[in-house]
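Take a look at the structure below.
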Amino acid sequence: MPDREDVKGPIESLLDPTDWDAFGNLARRMTDDMVGYLATIRERAPWTAMPESAKKALDEDVPQDGIPLEAVYDTFRRYILPYPTGNIHPRFWGWVMGTGTPSAMLADMLASGMNSHVAGYDQSAAHVERLVCRWLVKQMGFPTESSSVLVSGGTAANLNGLTCALVAKSGFDIRAEGVRAGPPLTVYGSAQTHSWAIKSCETLGLGSKAFRAIPVDSDYRIDVDACRMKIVEDRSNGLKPICIIGNAGTVNTGAIDDLQTLRTLATEQDLWFHIDGAFGALAAWTDSKELVRGQEQADSLAFDLHKWGYLPYDVGVAITRRPDAQLAAYAPRQDAGPAYLQSSRRGIAVNSTYFADRGLQLSRGFRALKVWMAMKEYGVRRIGRAIQRNIVQAKVLEGLVQLSPQLELLAPVELNVVCFRYNNGIGDTALLNELNAQILVELQERGIAVPSQTVLKGRYAIRVCITNHRSQNRDFEDLVRSVVTLGEEIRRRPFGS
Ligand SMILES: *Cc1c(COP(=O)(O)O)cnc(C)c1O
């Protein structure tokens, strides 16, 4: 039996607004609210713990029947909006998170409105993504014929590069036969390489042991000679080395491997050279581009635009200078593509899987719009200046730390990461580690600032990673003052409180 509504004649959509004018008014209110929220970001704490009452207010059973959108929005404003990660705040420097630009927020709305499906197809969104990929390839100094695709982030971009390496260098038809058909494949990177490398080795079926963690020097850069020795040793033991990973900015300290020497080593050993430049690669857009010289010689490069490109989540970039490498890794073989995804010569289905053939995703959103808008609105020079300012701010903070007798720098400042600790010459490492961990959580909980932590040579470090276009020099002065004050205060407290 048809629904009664169906018989009565033309029915309204069940999901579109019945009153578009009222919807428009609410949409304008949301926009105004978010613009006001961003404009006043400095007045709030970087992070506020989500109270139990807010969690309770949200935790309801599956809503079977709806309520008006105004009421839903009201719940958002009360219980969701006040408790963000905080990375949009000028004093957030934890992990590696980006701030997001206001105009990209609008771009995301426009892209969602169009809701383009960007597997490929003959449409504006695919055209725009091809265009921004060309821009990014050129801006990174790669050859014009390089292949490139936007992905969900650094992990996905690095996995894309490693998959290309696997297919190009395994020496057998790994796509058809699988990893079990050949000798164990191995991948080399410094012990400071981000955890994506092991995760990707596991995902690709190589196993985590395939990742050979090579020791670093005192500046946390890969020991290239040790890397060469490990490759030679593995090969003589019947393993098959396929790829060297270079780091352009490690997550711990911002260290940049000697990319040119690694390139030479990879060529000499006939290996794929992949670079993880998740945030550091963007230094190529600044006056400090010398820092990442040689990165454009990699076989593949992965980087994020949602970190040091300041765009909202999520968008990463996978580039390979080998024009066919991504297709070799991801496109269906000649006759194996399903009939329903075939491209046609005319109509919408021209190049229907252009991007799907270069990465894992089939259904893909219009990420490219915010990239295109940002590059046009700011120009890469202005984005580069913002990045350069962060590099300078890291030096400013380094200087402030060195000027404070109570603070100790724990790693060289190469890029935008500053690792330091409170150390007033009081006692042993364990005690200092405890004290600094306490300082860090109080910085966060009191709403002063959000650095994160790492451990360097057994020493607990307060880690400040600056990928923030809103930070001012005075924010770092405040941070240093607060760490010293908190250190004194916590030391004076009775033991165990
Ligand atoms: C963040 C990061 C990654 C992972 O990127 P996601 O975008 O978080 O997936 C990889 N490598 C480095 C150096 C990073 O900083």
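The values are calculated or read from the model by the stated rules, or taken from the named source; none is laboratory data. These figures come from a predicted structure and were not determined experimentally. Cβ sites come from the backbone with ideal geometry, for glycine too, and all protein chains shown count toward neighbours. Surface areas here come from the heavy atoms of the whole protein model, side chains and all, with no ligands, DNA or RNA. Shrake-Rupley method; radii C 1.70, N 1.55, O 1.52, S 1.80 Å.
Throw me the Rg/Rh for segment 441-497, computed over C-alpha atoms with Kirkwood Rh, two decimals.
Values: Rg = 12.9 Å, Rh = 12.8 Å.
Reported Rg/Rh (Cα atoms, Kirkwood Rh): 1.00.
Kindly write out, for segment 375-388 in residue order, the coupling ³J(HN,Hα) from the Karplus curve 6.51 cos²θ - 1.76 cosθ + 1.60 (θ = phi - 60°), rounded to whole Hz, with x marking Gly and Pro.
Calculated HN-Hα couplings, in order: 5, 6, 5, 8, x, 5, 4, 5, 4, x, 5, 5, 5, 4 Hz.
Amide H of Ala411 versus every other amide H placed in the peptide plane: which residues, excluding those fewer than 5 positions away on the same chain, fall under 5 Å?
Cys419
With point charges of +1 on the Cβ of Lys and Arg and -1 on the Cβ of Asp and Glu, referenced to the Cα centre of segment 16-107, which listed residue (Leu38, Gly24, Gly94) lies farthest in the positive direction of the dipole?
Farthest towards the positive pole: Gly94.
I'd like the Karplus ³J(HN,Hα) series for segment 36-47: coefficients 6.51, -1.76, 1.60, θ = phi - 60°, whole numbers in Hz, and an x wherever there's a Gly or Pro.
Calculated HN-Hα couplings, in order: x, 4, 5, 5, 10, 4, 5, 6, 9, 6, x, 9 Hz.
Over segment 73-216, give the accessible area per residue in Å² for a 1.4 Å probe, as an integer.
Details: 6090 Å² over 144 residues.
I get 42 Å² per residue for segment 73-216.
Tally Lys and Arg at +1 and Asp and Glu at -1 over the other residues with C-beta under 13 Å from the C-beta of Arg389: what net charge comes out?
Values: positive: Arg381, Arg382, Arg385, Lys395, Arg470; negative: Asp287, Asp475.
Once all neighbours under 13 Å are counted, the net charge is +3.
Whole percent per 5 Å bin, from 0 to the bin with the longest distance: what is P(r) over all C-alpha pairs of segment 18-131?
Calculated P(r), rounded to whole percents: 2, 8, 13, 17, 16, 17, 15, 9, 3, 1.
Looking at the chain only, what percent of DSSP beta bridges run antiparallel? Nearest 5 please. Don't jump to the answer; show the numbers that get you there.
Numbers: 24 of 42 bridges.
Counting only bridges with both partners in the chain, antiparallel ones make up about 55 percent.
Can you bin every Cα-Cα distance in the chain into 20 Å intervals starting at zero and give me the percent of pairs per bin, rounded to whole numbers?
21, 48, 28, 3, 0
Give a residue-ordered list of calculated ³J(HN,Hα) values for segment 482-487 (Karplus: 6.51 cos²θ - 1.76 cosθ + 1.60, θ = phi - 60°; whole Hz; x for Gly, Pro).
Result, ordered by residue: 5, 5, 5, 4, 4, x Hz.
Identify, among Ala213, Ile80, Thr485, the residue whose Cα sits farthest towards the positive end of the charge dipole of the chain, taking +1 on the Cβ of Lys and Arg and -1 on the Cβ of Asp and Glu, with the dipole about the Cα centre.
Ala213
Taking the square root of 5 times each eigenvalue of the Cα gyration tensor, what semi-axes in Å does the equivalent ellipsoid of segment 191-320 have, largest first?
Numbers: eigenvalues 120, 57, 35 Å².
Calculated on Cα positions only, the semi-axes equal 24, 17, 13 Å.
Under the rule a/c < 1.5 gives rounded, and otherwise a/b versus b/c splits prolate from oblate, where does segment 81-160 land using the Cα gyration tensor?
Values: a/c = 2.27, a/b = 1.42, b/c = 1.61.
Oblate is the answer for segment 81-160, as a/c is 1.5 or above yet b/c matches or exceeds a/b.
Using a Förster distance of 51 Å, how high is the FRET efficiency between His127 and Glu52, based on the Cβ-Cβ distance and rounded to 0.05?
On the way: r = 49 Å, r/R0 = 0.96.
After rounding to 0.05, the efficiency reads 0.55.
Taking amide hydrogens as modeled 1.01 Å from N in the peptide plane, which residues meet the under 5 Å criterion relative to Gly153, leaving out close sequence neighbours?
Gly316
Run the dipole for the chain about the Cα centre, Lys and Arg Cβ at +1, Asp and Glu Cβ at -1, nothing else charged, and hand back the magnitude in debye, nearest 20. Before the final figure, lay out the partial values.
Values: 55 positive and 57 negative charges, 220 e Å.
So the magnitude is around 1060 debye.
Taking amide hydrogens as modeled 1.01 Å from N in the peptide plane, which residues meet the under 5 Å criterion relative to Arg364, leaving out close sequence neighbours?
Sorted by chain and number, the residues that satisfy this are Val118, Ala119.
What do you reckon, how do His127, His306 stack up by accessible area (1.4 Å probe), largest on top?
Details: His127 115, His306 15 Å².
Per-residue accessible area, sorted high to low, gives His127, His306.
Between rounded, prolate and oblate, where does segment 253-371 land on the alpha carbon gyration tensor, with a ≥ b ≥ c its root eigenvalues, rounded for a/c under 1.5, else prolate if a/b exceeds b/c?
oblate
Using a probe of 1.4 angstrom, how much of the accessible area of segment 315-429 is carbon and sulfur, in percent?
Values: 2960 of 5710 Å².
The computed percentage sits at 52.
Say the dipole of the chain comes from +1 at the beta carbon of Lys and Arg and -1 at that of Asp and Glu; which of Ser53, Leu369, Trp135 then lies farthest toward its positive end?
Trp135
Expressed as a rounded percentage, what relative contact order does the chain have, with Cα pairs under 8 Å and six or more residues apart? Don't jump to the answer; show the numbers that get you there.
Values: 870 pairs, mean separation 100.6, N = 497.
Relative contact order of the chain: 20 percent.
Give, as a single signed number, the net charge of other residues whose beta carbon lies under 15 Å from the beta carbon of Ala126, with Lys and Arg counted +1 and Asp and Glu -1.
Numbers: positive: Arg130, Arg134, Arg358, Arg364, Arg367; negative: Asp122, Glu129, Asp357.
It works out to a net charge of +2.
Report the local net charge at Pro241: Lys and Arg +1, Asp and Glu -1, summed over other residues whose C-beta lies under 13 Å from its C-beta. Don't skip to the end; give the middle numbers.
Values: positive: Lys169, Arg212, Arg228, Lys230, Arg235, Lys240; negative: Glu233, Asp234, Glu268, Asp270.
Net local charge, Pro241 excluded: +2.
Leaving ligands, DNA and RNA out of it, work out the accessible area of Glu202 with a 1.4 Å probe and give it in Å² to the nearest 10.
100 Å²
Relative to the Cα centre, what is the charge dipole magnitude of segment 49-122, using +1 at the beta carbon of each Lys and Arg, -1 at the beta carbon of each Asp and Glu, and rounding to the nearest 20 debye? It would help to have the intermediate numbers written out before the result.
Details: 5 positive and 9 negative charges, 94 e Å.
The calculation lands at about 460 debye.
I'd like to check one number: the per residue accessible area of segment 239-388, probe 1.4 Å, reported in Å² as a whole number. Mind dumping the intermediate values first?
Values: 6070 Å² over 150 residues.
Result: 40 Å² of accessible area for each residue.
Label points 7 Å out from Cα along the Cβ direction at Asp219 and Arg381: separation in nm?
Spacing of the two 7 Å Cα→Cβ label points: 3.1 nm.
Enumerate the whole-percent occupancy of each 10 Å bin, from 0 to the last occupied one, for all C-alpha pair distances of segment 379-497.
For segment 379-497, the pair-distance distribution reads 13, 46, 29, 9, 2, 0.
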